[in-house]
Amino acid sequence: MDAKITKIVITGGPCAGKSTALRRIQKHFTQLGYSVVFVPETATELISSGLAPWTCATNFDYQKCQMRFQLEKEKIFQAAAETIHAEKILVVCDRGIIDNKVYMQPEEYEQVLQSLGKHEVELRDGYDAVFHLVTAAKGAEEFYTTSNNNARTETPEEAAILDDKLIAAWTGHPHLRVIDNSVDFDGKMKRLIAEISFFLGEPEPLEIERKYLIEYPDIELLTQFESCKRVEIIQTYLKMPDGRELRVRQRGENGHYIYIQTEKRRINDMKRIEIEKRLTKDEYLEMLMYSDIKRRQIRKDRYCLMYHNRYFEIDVFPFWKNKALAEIELKSEDEKYEFPPFIRIIREVTGEAEYSNYAIATRVPETAED
């Protein structure tokens, strides 16, 4: 049996509801037929055992040990999950390795990555999805406490700052969702379960998105936002005899990439069935042999922007000098959202075939001077 293993992260600021969330996840997805495996939070394990930044010689020494321990632990859990006799396996990490970034200075973080022989893209995008629970210190202050975790000592003000830094650290991941405190706690947990279900394709793997043609963005302004991350994308369409839209994508930065195969089937202008699969580099290179020669590779810079807890994707193409595309993924066709004021919308182009990447790949030479 070839089991489908999905690896997700549940993260968030202090006192965000993670412990309750993990219990809800286990109950809900077990009932849906998943075998659910939890990878415990590494920092709590170490600090509760007497190993902490203030007991080790330096914070660098501690963080290097913690990240190395977490990497090995996740490998072991992954290997064990592969032996489980089940069709659907959900590996849930109580915090992911990128969480460690916010507890280090930038130069410390780079030194730790070098010592581990890793790059941030490899670590961040090694998870299939990331779900961030906003700390109670932002919007539910009366419920903020650290009494339920001896490893946490942050004041509400510190918790709010840490929460923002965690969101920024994960920005750039292909699937990052933020669950805030705009509803009561039970509603927050239901929203989390709904987001995870939507990502897993329960009951079916739908993609609901709205797309906008926008004026060419102020790149310098975008890059000033801590919660904005540039990602390089190369997208190649494959020739399919049955007319399906199948593509492979190289995604990352500075020579460090992940590889994804995506199949899309259109239901209506806004809704499509989307099936994704992670590829190894060798699998990706092999699939390039089946490229549709009628469609050019698309190269673009994607700016992943978290704004008011919404994840916007802004695609900047080298052949457009005065416009770009912006997308937002939704859970329902009538879901409300607000665009950042510094993004100037020309008009909505959801469902317009000429603004699909599939069509753009065909006519790139004709639009190079647009």
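The values are calculated or read from the model by the stated rules, or taken from the named source; none is laboratory data. None of these values were measured; they are calculated from a predicted model. Glycine also receives a Cβ, built like all others from the backbone with ideal geometry; neighbour counts cover every protein chain displayed. To get the accessible areas, we keep the full protein, side chains included, count just its heavy atoms, and leave off ligands, DNA and RNA. Shrake-Rupley method; radii C 1.70, N 1.55, O 1.52, S 1.80 Å.
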Fill in: Most mobile listed residue (TYR337, TYR284, TYR212) in the chain, GNM with C-alpha springs under 10 Å
TYR337
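Can you give me the % of accessible surface on the chain that is carbon or sulfur? Probe 1.4 Å, all protein chains present, nothing else counted.
On the way: 9050 of 18120 Å².
Carbon and sulfur: 50 percent of the exposed surface of the chain.
Restricting things to alpha carbons, find the Rg to Rh ratio for segment 1-81 using the Kirkwood radius for Rh. The partial results should precede the final answer.
Values: Rg = 15.3 Å, Rh = 14.7 Å.
Ratio of gyration radius to Kirkwood radius: 1.04.
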Discussion item. Over the chain, with a Gaussian network built from C-alpha contacts below 10 Å, which listed residue (THR280, THR262, THR350) shows the highest mean-square fluctuation?
Written reply: THR280
Discussion item. Based on C-alpha coordinates, I'd like the Rg and Dmax of the chain, in Å.
Written reply: 21.0, 64
Discussion item. Distance cut-off 28 Å, Cα to Cα: go down the list LYS165/LYS190; LYS88/LYS294; LYS7/LYS281; LYS75/LYS331 and report the pairs above it.
Written reply: LYS88/LYS294; LYS75/LYS331
Worksheet item: Once phi is turned into θ = phi - 60°, what whole-Hz ³J(HN,Hα) does the Karplus curve with 6.51, -1.76 and 1.60 give for every residue of segment 15-32, x standing for Gly and Pro?
Response: 6, 9, x, 4, 4, 5, 4, 5, 5, 5, 4, 4, 5, 5, 7, 5, 5, 8
Item to complete: Name the most mobile residue of GLU327, GLU107, GLU82, meaning the one with the largest mean-square fluctuation, in a Gaussian network model of the chain with Cα contacts below 10 Å.
Response: GLU107
Response to the item:
Heads up, segment 128-190 by the C-alpha gyration tensor (a ≥ b ≥ c square roots of eigenvalues; a/c under 1.5 rounded, else a/b over b/c prolate, else oblate) looks oblate
Fill in: Cα gyration tensor shape for segment 185-227, rounded if a/c is under 1.5, else prolate or oblate
oblate
Discussion item. Tell me the per residue accessible area of the chain using a 1.4 Å probe; a whole number in Å² is fine.
Written reply: 49 Å²
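So what is the relative contact order of segment 226-289, in percent, for Cα pairs below 8 Å that sit 6 or more residues apart?
On the way: 103 pairs, mean separation 15.9, N = 64.
Relative CO of segment 226-289 lands at 25 percent.
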Discussion item. If I model a spin label at ILE84 and GLU204 as a point 7 Å from the Cα along the Cα→Cβ vector, what separation in nanometres do I get?
Written reply: 2.7 nm
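Please tell me the relative contact order of the chain in percent, rounded to the nearest whole number, where contacts are Cα pairs under 8 Å and at least six residues apart.
Working: 651 pairs, mean separation 62.5, N = 370.
Value for the chain: 17 percent.
Please work out the FRET efficiency for the pair THR55 and HIS119, using the Cβ-Cβ distance as r and a Förster radius of 45 Å; give the result to the nearest 0.05.
0.95
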Response to the item:
Binned at 5 Å from zero, the C-alpha pair distances of segment 226-370 give percents of 2, 8, 16, 21, 22, 18, 10, 4, 0
Worksheet item: Taking the simple approach of a point 7 Å from Cα along Cα-to-Cβ for both GLU333 and ILE273, what is their distance in nm?
Response: 1.7 nm
